[in-house]
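Okay, so here's the structure we're looking at.
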Amino acid sequence: MSLLVFFFFATVQPVLADDAYTLYRAGTSMAIDGRADETAWLAAPAVSDFKFPWWVEGKKEQTLAKLLWDDEQLYLLFICEDAHIWAEYTERDGSVYRDDCVEVFTAPNPERPLSYFNIEMNVLGIFLDQYHPDGPGVPVPENWDGQGVRIATSIAGSLNDDGDADSHWILEAAIPLQNFARVAKNTPPRSGDVWHLNLNRCGGKTNAQYSQWRPSRSDTPQFHAPMDFGKVEFSARARPF
C-alpha cells in the first residue's frame, strides 16, 4: 500500500452519522488523473465505512470514498482495497457491474425521492449510466447518456491476474452537475441543499463482494433502492476546518 493510500485509510474519519455527509466545495482546480493527491482530497472527510449487507464469505475489502463539488462538477474519489483487480468490459453502457466497479446513485431532489440517476464505473474507467424518472423497476421512456463525465483510474497491482496479490485501485470522477438539472431543485446547488445519494461497490470476478455506504434493506443484492439512500448536504465551505 502506498504512503498516500495508507494516509487516507489511517487518518480520515467521517464527520457525521452513517447516513449523512457534508459535501464541501473543492476550493481549487481538480486534476482527474486517478492519483488523488490534491490538497482538497486530503482535507475532505471520508464517508463512513462501507457495509456488506449480503456478505456470505470471503474477505471484506474496504472502500474509502469522498465527494467534493464546485459550480460545475460533482467530484468523486474511491480508494478500493483489492487483492484481485479484474475488469473486462470496455464499451460504454456495458455490464461494468460484473467487473471491479464503483457506483454513485443519486436522487437530487428530496421532493422526488424515486427519481434517480445511476453511474457505474469499472476499474478501466468505462461507465454505464441510466436515469430512472419513476423509480426502480419501472421501464424508462428514453435512453439517457450523461454528458462530459470524466473518469481516471490507477492500479497498484496487476489487472486480470489472480496469480499474485494486488493492493488497491483508485478511481476519480468529475460529473457535470448539469446532467442532473432536469430533477435537481437548483443547478448549481445552493449551500444547504440536500440530495439523496448512495455509493456502491462490486467486487469483480474474484471475491465478488457487494458493499455500500448506506446498506439496502433487500434480502438479496439490490442497489436500485432509492428509499435507502443516504443524504449529502452541500456546503459553501471549502474544507471542514
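Just to check, using Stokes-Einstein with a Kirkwood Rh over alpha carbon pairs, what's the diffusion coefficient of the chain at 10 °C and 1.306 mPa s in µm²/s?
In µm²/s, the coefficient is 89.
Please give the calculated 222 nm ellipticity per residue for the chain, where each DSSP H segment of at least 4 residues contributes -39500 (n - 2.57) and the sum is spread over every residue; nearest 500 deg cm²/dmol? Walk me through the numbers on the way to the answer.
Numbers: 2 runs with 14 residues, N = 241.
Value at 222 nm, helices only, nearest 500: -1500 deg cm²/dmol.
Placing +1 at every Lys and Arg Cβ and -1 at every Asp and Glu Cβ, with all other atoms neutral, what dipole size does segment 80-175 have around its Cα centre, in debye to the nearest 20? Don't jump to the answer; show the numbers that get you there.
Working: 4 positive and 19 negative charges, 84 e Å.
For this selection, approximately 400 debye.
Explain nothing, just compute: Karplus ³J(HN,Hα) = 6.51 cos²θ - 1.76 cosθ + 1.60, θ = phi - 60°, for every residue of segment 139-149 in order, whole Hz, x for Gly and Pro.
Running phi through 6.51 cos²θ - 1.76 cosθ + 1.60 with θ = phi - 60° gives x, 8, x, 8, 7, 10, 10, x, 10, x, 6 Hz.
Below 14 angstrom from the Cβ of residue 236, what's the summed charge of the other residues (Lys, Arg +1; Asp, Glu -1)?
In short, 0.
Quote to one decimal, in nm, the extra length available between residue 56 and residue 72 on full extension: 0.36 nm per residue of separation minus the C-alpha distance between them.
Numbers: separation 16, 0.36 × 16 = 5.76 nm, distance 4.07 nm.
Separation in residues times 0.36 nm, less the Cα-Cα distance, equals 1.7 nm.
Among 114, 226, 236, whose Cα lies farthest out toward the positive end of the dipole of segment 105-241, if unit charges sit on the beta carbon of Lys, Arg (+1) and Asp, Glu (-1)?
Ranked along the dipole, the leading option is 236.
Go through 29, 95 and list them by solvent-accessible area, largest first, probe radius 1.4 Å.
On the way: 29 100, 95 30 Å².
Descending accessible area places them as 29, 95.
So, with +1 on the Cβ of K and R and -1 on the Cβ of D and E, and no other charges, what is the size of the charge dipole of the chain about its Cα centre, to the nearest 20 debye?
Dipole of the chain, to the nearest 20 debye: 820 debye.
Considering all alpha-carbon pairs of segment 116-188, what whole percent are spaced by more than 19 angstrom?
Summing the P(r) of segment 116-188 above 19 Å gives 49 percent of all pairs.
Whats the longest run of the chain with zero GluC sites (Glu not before Pro) that are DSSP loop and have at most 10 other Cβ atoms within 10 Å? List each step's numbers first, then the result.
Numbers: sites that count: 57, 91, 111, 142.
Longest stretch, sites excluded: 143-241.
If each of residue 237 and residue 190 carries a label point 7 Å out from its Cα toward its Cβ, how far apart are those two points in nm?
That separation, rounded to one decimal, is 2.1 nm.
Each label point is 7 Å from the Cα along the Cα-to-Cβ direction; what then is the distance between the points at residue 164 and residue 91, in nm?
3.2
Between residue 208 and residue 22, what length comes free when the chain is fully extended (0.36 nm per residue of separation minus the Cα-Cα distance, one decimal in nm)?
Contour length minus Cα-Cα distance gives 64.0 nm.
How do 99, 49 rank by accessible surface area computed with a 1.4 Å probe, from largest to smallest?
49, 99
Assuming 0.36 nm per residue, please report the length gained on full extension of the stretch residue 98 to residue 140 beyond their Cα-Cα distance.
12.9 nm
So, in nm, how far is label residue 152 from label residue 111 when the simple model puts each one 7 Å beyond its Cα toward the Cβ?
Reported label-point gap for residue 152 and residue 111 is 3.9 nm.
Which order do you get for 214, 182 if you rank them by accessible area with a 1.4 Å probe, largest at the top?
182, 214
Find the accessible area per residue for segment 95-211; the probe is 1.4 Å, ligands and nucleic acids are left out, and the unit is Å².
With all protein chains present, segment 95-211 gives 39 Å² per residue.
Leaving out ligands, DNA and RNA, and with a 1.4 Å probe, what % of the accessible surface on the chain is carbon or sulfur?
Solvent-exposed carbon and sulfur of the chain make up 49 percent of the total.
Pairing rule first: another cysteine's C-beta must sit under 4.7 Å. Under that rule, which cysteines of the chain stay single?
Those would be 80, since no other cysteine Cβ in the chain comes under 4.7 Å of theirs.
Are there chymotrypsin sites (Phe, Trp or Tyr not before Pro) in segment 45-75 that DSSP marks as loop and that have at most 15 other Cβ atoms within 10 Å, and which are they?
Numbers: sites: 50, 54, 55, 69, 75; in loops: 50, 54, 55.
Qualifying residues, ordered by number: 55.
The values are calculated or read from the model by the stated rules, or taken from the named source; none is laboratory data. It should be emphasised that the depicted structure is a prediction, and the values quoted were computed from it without experimental measurement. Because the Cβ atoms are built from the backbone with ideal geometry, glycine has one as well, and the counts that use them run over all protein chains shown. Each accessible area value is taken on the protein alone, full model and side chains, heavy atoms only, with ligands, DNA and RNA left out. Shrake-Rupley method; radii C 1.70, N 1.55, O 1.52, S 1.80 Å.
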